[in-house]
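For reference, the structure is listed below as structure tokens.
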Amino acid sequence: MKFIMRKLGADQWSYRKQKALWGFIYVLPWLLGFILFFLIPLLTSLIYSFSTVNANSQGVSSTWTGFNNYMTAFTVNTNFNRKLTEAIVNMVVNVPLIVIFSLFIAVVLNQKFIGRSFARSIFFLPVILTSGVILTLESTSLVMAVNEQNATSGSLINVLSSFELKRLMLEVGVSETIVNYLTGAVDRIYEIVSLSGVQILIFLAGIQTISPQLYEASKIEGATGYEAFWKITFPMVSPLILVNMIYTIIDSFSQNELVTLIRTTAFSQFDFGLSSAMAWIYFLAISLILLISTYLVSRKIFYHE
């Protein structure tokens, strides 16, 4: 690699150019994989979304129909609009909770206490349990049966706890919108924990790169732990907040009822044109959400050189 760098004359480049070159080398495997294995299917699905696709023993043929599939998805299919709205609403609700919870747990796990390694593995365990093969095995296991039994037997307790929490927060003057959001988060605590493993690791890695001298200097100046978090930890890990937000948004859109509907339309009903149109609408909605959220969050990020 150093030989290649010398051949390119990189030794004479500025730091910024060398950094850009290493960044390009880092993403090159993904770029090659995208061009070789993903670009053609992507363009094919775009063509299918504007066509009526017929598959038979002779092969696959398509007839151009314009925006008919998109109109069908929005106006004829009774489930698409509802499931698209539900996917977006669930994302808007879950992403802030997952990012905040992940940052809080990462700060806690970065402290020195007995059993710290075991605690870290516990919080990453849901990532393993919700992976493809393990999730399939777990669906028929005793663990799932116990979870379902606990959910059924504890439903009344959960309702009473949520009601009591809501009443207490309303009495102290908290806005009803915030109260409903927080009590809903309590009801979804298992989902939040199970989707936070990777984000916790990313935050934890970022926190461990912060120089201990910064915290020592803040203690000498009389800063409390609360002030150290907001003045040191939070600004230093703010770029990772953007990373985790993007990761969580994409992850929340990867597995839901809308994805199942798109697959069913393609491989059960064999309507590849309509399925492709649904997928492209979904893709454009995700892209728009990512652009807006990235623009808003990136303006508040602190980059430390």
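Brief remarks follow.
Per-residue answers, yes or no, for (1) farther than 25 Å from Leu291 by Cα; (2) in contact with a Ser or Thr (Cβ under 7 Å, 6 or more places away or on another chain):
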residue: Ser196; (1), (2): no, yes
residue: Gln199; (1), (2): no, yes
residue: Ile202; (1), (2): no, no
residue: Pro212; (1), (2): yes, no
residue: Ile220; (1), (2): yes, no
residue: Trp230; (1), (2): yes, no
residue: Ser238; (1), (2): no, no
residue: Ile241; (1), (2): no, no
residue: Phe272; (1), (2): yes, no
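Yes/no matrix, rows are residues, columns are (1) open to solvent by less than 90 Å² (accessible area, probe 1.4 Å); (2) touching a Phe, Trp or Tyr at 6+ places or on another chain (Cβ under 9 Å):
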{"position": "Lys19", "(1), (2)": "no, no"}
{"position": "Phe24", "(1), (2)": "no, no"}
{"position": "Ile35", "(1), (2)": "yes, no"}
{"position": "Leu46", "(1), (2)": "yes, yes"}
{"position": "Ser51", "(1), (2)": "yes, yes"}
{"position": "Thr63", "(1), (2)": "yes, no"}
{"position": "Tyr70", "(1), (2)": "yes, yes"}
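- All positions within the range 67-92 that are free of Cβ contacts under 8 Å to residues at least 40 places away in the same chain and either closer than 17 Å to Ser252 by Cα or touching a strand residue (DSSP E or B) at 6+ places or on another chain (Cβ under 6 Å) (or both): Arg82, Thr85, Val89, Val92
- Count - residues of the range 214-233 that are exposed (fewer than 12 other Cβ atoms within 10 Å of the Cβ) and not in a helix (DSSP H, G or I): 3
- The range 80-118, residues that are hydroxyl-bearing (Ser, Thr, Tyr), modelled with pLDDT of 90 or more and open to solvent by 60 Å² or more (accessible area, probe 1.4 Å): Thr85
- Qualifying positions in the range 262-305 - exposed (fewer than 14 other Cβ atoms within 10 Å of the Cβ) and touching a strand residue (DSSP E or B) at 6+ places or on another chain (Cβ under 9 Å): Phe270
- Residue within the range 31-43 that is more than 27 Å from Leu284 (Cβ to Cβ) and either hydrophobic (A, V, I, L, M, F, W, C) or at pLDDT below 90 (or both) present: no
- Residue count for the range 254-282 under the criterion of being part of a helix (DSSP H, G or I) and out of contact with any helix residue (DSSP H, G or I) (no Cβ under 9 Å at 6 or more places or on another chain): the result is 1.
- Every condition in (1) of a type outside the set (Gly, Ala, Ser); (2) in contact with a strand residue (DSSP E or B) (Cβ under 6 Å, 6 or more places away or on another chain); (3) under 17 Å from Thr265 (Cα atoms) is met by Trp64 except one, and the failing one is (3).
- Selection count where residues are out of contact with any helix residue (DSSP H, G or I) (no Cβ under 6 Å at 6 or more places or on another chain), among the hydroxyl-bearing types (Ser, Thr, Tyr) and outside any helix (DSSP H, G or I), scope the range 31-61: 2
- Check on Ser57, surrounded by fewer than 11 Cβ atoms within 10 Å (Cβ to Cβ) and at pLDDT below 90: yes
- Complete set of residues in the range 74-119 that are part of a helix (DSSP H, G or I), within 26 Å of Val259 (Cβ to Cβ) and of a type in the set (Ser, Thr, Tyr): Thr75, Thr85, Ser102
- Scanning the range 183-208 for residues that are touching an Asp or Glu at 6+ places or on another chain (Cβ under 9 Å) and modelled with pLDDT under 85 yields a count of 1.
- So Ser211, is it out of contact with any His (no Cβ under 8 Å at 6 or more places or on another chain), within 17 Å of Val107 (Cβ to Cβ), surrounded by fewer than 14 Cβ atoms within 10 Å (Cβ to Cβ) and at pLDDT below 90: yes
- Cβ pairs under 6 Å, 6+ apart, first in the range 26-46 and within 20 Å of Ser276 (Cα to Cα), second of a type in the set (Gly, Ala, Ser): Ser45/Ser276
The values are calculated or read from the model by the stated rules, or taken from the named source; none is laboratory data. Keep in mind the model is a prediction, meaning the values are calculated, not measured. All Cβ positions, glycine included, derive from the backbone under ideal geometry; neighbour counts span all protein chains shown. SASA here: full protein model, heavy atoms, side chains in, ligands and nucleic acids out. Shrake-Rupley method; radii C 1.70, N 1.55, O 1.52, S 1.80 Å.
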